[in-house]
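Here the structure is laid out as structure tokens; the discussion comes afterwards.
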Amino acid sequence: MSSENNWRIIRLAEFKRPDAPASTRVQQLFQHIRNLFPRVEERSDDEEQSDFPGYREFDLKPGADALDVAFDEWREDGDSGIKFLISPPFSGTANIVREWAVRHQWPSLTAPQEEQFCGIDVESWWREQSAKQWIIDDFAKYWQRRTDGLTFIRALLPKLLRGELGQGLVVCDSWSFAFLQRAWPVNLPNVYCFAAADEVLLRQVGIQAEDKKLKSLAARAFGNVGLALALWAVEQDSEHQLPSMPPDCRDETAFVLYTLLLHRGLAGESLQRLLPIITADQLDVQLLQLQQAKLISYEDNEWYVTVYGYLAVRDFLRSRGFFVDAF
């Protein structure tokens, strides 16, 4: 295995997905059709009761090294202001940034409480944890998609951009970023991301296969390392296949899934407040159906879209006209 580090930080505008071979495009088309026309009998009772295979975690150090290459001069200068690092779901970007922050002793700021989203009191939130240099590891937890749920972040962003709160690196989920770009009238500067994974990087994180297979895997995963590892784990397990959308999914299903992706997971109570058009019993039914279909999971009192269901969920939302992320 090569000792060369293949992680790279690029400007968001430079991001490009890996090219998909013809065979991969056919596979993606088949999966799209399967998602649009699911069959009730696709899953057996045994499979519904079994867990998907675990997929190996990758070494965070090379990613943190890439952050050093990209941001060392900026960090050492200590200039006020921020940089955004956009994180596709399951990419591991936030974990890499936490590793990098520990390396340089940058604290991670704590997100405001949900009741603070409707206010503009940034000062009291900042006063309790002020630091010269810091990270925000999950910007999706700083707002909610409701009438007054953007008040705090609209007051926070100008202070961040003007450098009033010191120097920071902000990790923002790609779905959250796509929404904020349309909800806030000012373009966000200094936006970066990791370059899409190719076959060389996939081999570096531990997936051993021929180049053609890795090239196809990178394309299926949109260049997302974590997603590629999960897809590879399923491919190596003959007892499972990727989940698909349940039959008869309607607007309620789409709103639930979209809201979970926007906020990178939510507690049931918060999800209910954000979706008042769905009654509590309807929401319970939706969550149970999606959980049984392996599309969402319940962990640490929050609901999340699963890494194995992500492609089906993304495809479903796109087919219904929802604005998806750029990755």
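Couple of notes before you dig in:
- Test: residue in the range 126-145 that is out of contact with any strand residue (DSSP E or B) (no Cβ under 8 Å at 6 or more places or on another chain), surrounded by fewer than 17 Cβ atoms within 10 Å (Cβ to Cβ) and either touching a residue at least 40 places away in the same chain (Cβ under 8 Å) or within 30 Å of Phe322 (Cβ to Cβ) (or both): yes
- Residue match in the range 154-165 (condition: modelled with pLDDT of 95 or more, open to solvent by less than 50 Å² (accessible area, probe 1.4 Å), among the charged types (D, E, K, R) and in contact with a strand residue (DSSP E or B) (Cβ under 9 Å, 6 or more places away or on another chain)): no
- Test result for Gly149, touching a residue at least 24 places away in the same chain (Cβ under 8 Å) and either under 29 Å from Phe323 (Cβ atoms) or touching an Asp or Glu at 6+ places or on another chain (Cβ under 6 Å) (or both): yes
- Among the residues making up the range 296-327, those that are more than 14 Å from the chain's Cα centre (by Cα), among the small types (Gly, Ala, Ser) and open to solvent by 30 Å² or more (accessible area, probe 1.4 Å) are Ser319, Gly321.
- Pairs where the first residue, in the range 171-183, is on the phi < 0 side of the Ramachandran plot and the second is of a type in the set (Asp, Glu), C-beta under 6 Å, 6+ apart: Val171/Asp137; Ser174/Asp325; Trp175/Asp325; Ala178/Asp325
- Of the residues Ser270, Ser238, the single one that is open to solvent by less than 70 Å² (accessible area, probe 1.4 Å) and among the polar types (S, T, N, Q) is Ser270.
- Filter pass, Ala195 being more than 14 Å from Ser87 (Cα to Cα), aliphatic (A, V, I, L, M) and surrounded by fewer than 21 Cβ atoms within 10 Å (Cβ to Cβ): no
- Condition broken by Ile277, with the remaining ones in (1) among the β-branched types (Val, Ile, Thr); (2) open to solvent by less than 10 Å² (accessible area, probe 1.4 Å); (3) assigned to a loop (DSSP other than H, G, I, E, B) satisfied: (2)
- Within the range 89-104, residues that are open to solvent by less than 70 Å² (accessible area, probe 1.4 Å) reach partners that are assigned to a helix (DSSP H, G or I) and charged (D, E, K, R) with beta carbons closer than 7 Å, at six or more positions or on different chains, in the pairs His104/Arg75.
- Only one entry of Phe117, Phe90 meets the criterion of being under 30 Å from Glu4 (Cβ atoms) and not hydroxyl-bearing (Ser, Thr, Tyr), and that entry is Phe90.
- Qualifying residue in the range 169-182 (condition: under 24 Å from Thr93 (Cα atoms) and surrounded by fewer than 16 Cβ atoms within 10 Å (Cβ to Cβ)): yes
Let's see how each residue does on (1) closer than 26 Å to Pro243 by Cβ; (2) in a helix (DSSP H, G or I); (3) modelled with pLDDT under 95:
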| site | (1), (2), (3) |
| --- | --- |
| His32 | yes, yes, yes |
| Asp46 | yes, yes, yes |
| Glu57 | yes, no, yes |
| Asp65 | no, yes, no |
| Ala70 | no, yes, no |
| Asp79 | no, no, yes |
| Glu115 | no, yes, yes |
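- Enumeration of residues in the range 201-215 that are without any contact (Cβ under 8 Å) to a residue 24 or more places away in the chain, open to solvent by less than 30 Å² (accessible area, probe 1.4 Å) and in a helix (DSSP H, G or I): Leu214
- Test: residue in the range 246-255 that is open to solvent by less than 30 Å² (accessible area, probe 1.4 Å) and either of a type in the set (Val, Ile, Thr) or assigned to a helix (DSSP H, G or I) (or both): yes
The values are calculated or read from the model by the stated rules, or taken from the named source; none is laboratory data. Keep in mind that what you see is a predicted model, and the values were worked out from it rather than measured. All Cβ positions, glycine included, derive from the backbone under ideal geometry; neighbour counts span all protein chains shown. All accessible areas refer to the heavy atoms of the entire protein, side chains included, with ligands and DNA or RNA removed. Shrake-Rupley method; radii C 1.70, N 1.55, O 1.52, S 1.80 Å.
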